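Before any comments, here is the structure.
Where a number appears in this text, it was derived from the coordinates with a stated rule and is not lab data. Here the structure is a predicted model, which is why all the values come from computation and not from measurement. Every residue, glycine as well, gets a Cβ built from its backbone with ideal geometry; the counts of neighbours run over all protein chains shown.
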Amino acid sequence: MATHRALIIEDSREIADLVRLHLRDVGCEADVATDGKHGLELAARGRYDLVVLDLMLPEMDGLAVCREIRTLPGYVPILMLTAKSSEIDRVLGLEMGADDYLTKPFSVRELQARVKALFRRVEALSSLAPGAGEDGSADETIERGALRIETGKHRVSIGGREIALTAREFDLLVHFARRPGQVFNRGQLLDQVWGYNHEGYEHTVNSHINRLRAKIESDPSKPEYILTVWGVGYRFSDRLDAGGPGDGPGRGSDDGFGRGSGGGPGRGPGGS
């Protein structure tokens, strides 16, 4: 018996039918659109638990469709399919709001594993919303210094100025802000925020943290909220609760392991 409903936007009917067949094995029925324009129309009209979106589409490409879906009310996870293997295409898809991606050709097991991970993530978020905090009791508002996060409204502001974040950036920020001072390596963040731990995808964490810093830090090269722990990973400052300054400048746009994109050598754990 189907418990989920998906929309497959894929111009290859053969691939679309194959994906639909194997989604059925994990309890998910699916509609199919073979061009981007029609797919967006279906996404706007229907209520879906998942969108499987090809990157290369006629009428309207997958990146544009992804961007438009993210302007629609409600949240639906997007799994992007691409025949391109370059990092820039994957990062662009994630930047536009995709939750995960698969590079063609992909295995049936990997497809099903990614889909089930996305469903688990949505179910976990649903247990907190609408208006539920981590204990399921009330609307959760997290305040760390000038940063204010309202989870039920999916709203972030700094000093009263609203900050626009993608769904994944929001999840990542909430994960950090709920656990100030706790250190996470990239594998842990992949597992706990993205819903899977897959070797070779660590660069996704780096790029998201760099983009998040660019949006919430007054000086991304000297972060006060999300700090780098030298040789380990990242942590959220635990000196912000009183609303004062943070731990001092942390390391900026690097990968948490000393391979920075700018600046000199770090000054030890946390960059403090």
Between K37 and R70, what length comes free when the chain is fully extended (0.36 nm per residue of separation minus the Cα-Cα distance, one decimal in nm)?
-> 10.4 nm
Residues with amide H under 5 Å from that of E140, placed H, sequence gap 5 or more | A132, G133, T151, G152
What's the FRET efficiency of V26 with H203 using the Cβ-Cβ distance as r and R₀ = 35 Å, to the nearest 0.05?
-> 0.80
Full-extension gain in nm, S157 to R179, via 0.36 nm per residue minus C-alpha separation = 6.1 nm
Once both labels are modelled 7 Å past Cα along the beta-carbon direction, what's the T3-L18 spacing in nm?
-> 2.7
At q = 0.12, 0.18 Å⁻¹, work out log10 I(q)/I(0) for the stretch 150-225 with the Debye formula, treating every Cα as an identical point scatterer and leaving solvent out; two decimals please.
-> -0.33, -0.76
Please report, in cubic angstrom per residue, the volume enclosed by the convex hull of the alpha-carbon atoms of the stretch 1-81.
-> 74
Output the peptides 160-168, 232-240 sorted from most to least packed, where packing is the average of other Cβ atoms within 10 Å over each peptide's residues.
-> 232-240, 160-168
